[in-house]
Amino acid sequence: MNIRSITGFLALTDPIPGSALHGLPNWRRAARAEFAQAGLPIQTARVATQPISKIVPRDLTRFARDLEAACKHNGIDYASLGAVQADDARAPLDLIAEIPAAVKATENVFASAQIASREHGINLRAVSAAARAIRAIADASADGFGNLRFAALANCAPHSPFFPAAYHDGRAPAFALATEGAPLALDAFDRAHNLDEARANLIGAVERAAQAMAYVANDLAGGFAFRFAGIDFSLAPYPDAAHSIGAALEKLTGAAFGEHGTLFAAAFVTDCLRRANFLRTGFSGLMLPVLEDSKLAARTAHYSLDSLLLYSTVCGTGLGHYPAAG
């Protein structure tokens, strides 16, 4: 199993001070070395800011470019402009309108907008603003792929290490781990003879992996001025057969993804992840990104957009990396 990302969370200002990211190269090198020694290679190192609606940059595109340059200089692969907090109906929406230009002007900068929360409900004005941003980003990038770097969020708390949802709470620096955990589910279900074994195998695999990651992470936190915020154990896939969450669900049901039993499998995996005991942050659930999973991509004749929306009702995530026509 790989660690998809180690994500640092920093409170920044506009302009970005020259020293703001200077401690990150040593932190990144130490993290890569210590996790690799534990058999948990890190794929990417990332940074996320507090909500840009708290920073209020004078020019969001310039701020995004400056952040990207600072990250490249300090060996950080990707950066996230912290989510615009637009769930409150009173929130100004100007920054959402500026996001498409910032995405177009950069290569490795992500952004998001929080359009709904338990506290404030759904802000329909923010929903419309986010939809306009998605449309503008699609029109400005080849095949709409710029939207891999933007998301509309609902009820997402700080310190999710996955992008584009990542943002900081604005307090002391922190970091979190995003897993590429689909292989654990594939192995757990391959070894199971019944549902009880499948459940025990997956929960046990998640808890053992989380314990190994937390041991290294706590040691890393002790050596640097970062708080360990936890692990997002979403079972993220990679586009090959050995890292496919779609293949894992098919092992569980004995049927092609999208056929009868898929809804049950989505609920079953979600339940396993909720039962597992570890320091969690972010979503920590089942993700079904069609463009990132070879099996999901191969099975598109077996399901529709409506099917994916149905599965999302029992696993808690919305749709991402879904190809749209027109």
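The values are calculated or read from the model by the stated rules, or taken from the named source; none is laboratory data. Please read all numbers here as calculations on a predicted model, not as lab measurements. Here the Cβ positions follow ideal geometry from the backbone for every residue, glycine too, while neighbour counts run over all protein chains shown. Only protein heavy atoms, including side chains, enter the accessible area calculation; ligands, DNA and RNA are left aside. Shrake-Rupley method; radii C 1.70, N 1.55, O 1.52, S 1.80 Å.
For the reader, a short list of remarks on this structure follows.
- J(HN,Hα) series, the range 147-153, from Karplus relation 6.51 cos²θ - 1.76 cosθ + 1.60, nearest Hz, glycine and proline x: 6, 5, 10, 9, 8, 8, 9
- Integer Hz, Karplus 6.51/-1.76/1.60 couplings in order for the range 265-279, x for Gly and Pro: 4, 4, 5, 5, 5, 4, 4, 4, 5, 6, 6, 5, 9, 6, 6
- The chain - charge dipole about Cα centre, Lys and Arg +1 at Cβ, Asp and Glu -1, debye rounded to 20: 560 debye
- Beta bridges per DSSP with both ends in the chain, % antiparallel, nearest 5: 25 percent
- Once the chain from residue 306 to residue 140 is taken as fully extended at 0.36 nm per residue, the excess over their C-alpha distance is 57.0 nm.
- Once the Cβ-Cβ distance of residue 14 and residue 219 is raised to the sixth power relative to R0 = 30 Å, the FRET efficiency obtained is 0.30.
- Residues whose placed amide H lies under 5 Å from that of residue 80, excluding near-sequence neighbours: 47, 48, 49, 110
- Selection among 249, 312, 164 by position relative to the dipole of the chain gives 164 as farthest towards the positive end (Cβ unit charges, Cα centre).
- The overall shape of the range 120-227 is oblate: from the C-alpha gyration tensor, with semi-axes ordered a ≥ b ≥ c, the ratio a/c is 1.5 or greater and a/b is no larger than b/c.
- Straight-distance crosslink candidates among aspartates and glutamates, where the alpha carbon sits under 16 Å from residue 72 and sequence neighbours closer than 8 are dropped: 107
- Calculated accessible area for the chain comes out at 44 Å² per residue, all protein chains present (probe 1.4 Å; ligands, DNA, RNA ignored).
- Taking a straight Cα-Cα cut-off under 21 Å and skipping sequence neighbours fewer than 8 places away in the same chain, the lysines within cross-link reach of residue 251 are 295.
- Overall form of the chain per C-alpha gyration tensor (a/c, 1.5; a/b vs b/c): oblate
- Karplus 3J(HN,Hα) series, Hz, for the range 189-204 with 6.51 cos²θ - 1.76 cosθ + 1.60 (x for Gly, Pro): 7, 5, 8, 8, 9, 7, 5, 4, 5, 4, 5, 5, 4, 5, 4, x
- Distant-in-sequence amide contacts of residue 2, defined by a placed amide H-H separation under 5 Å and a gap of 5 or more residues or a different chain, comprise 180.
- Dipole axis of the chain (+1 Lys, Arg; -1 Asp, Glu on Cβ), positive-most option in 173, 296, 273: 173
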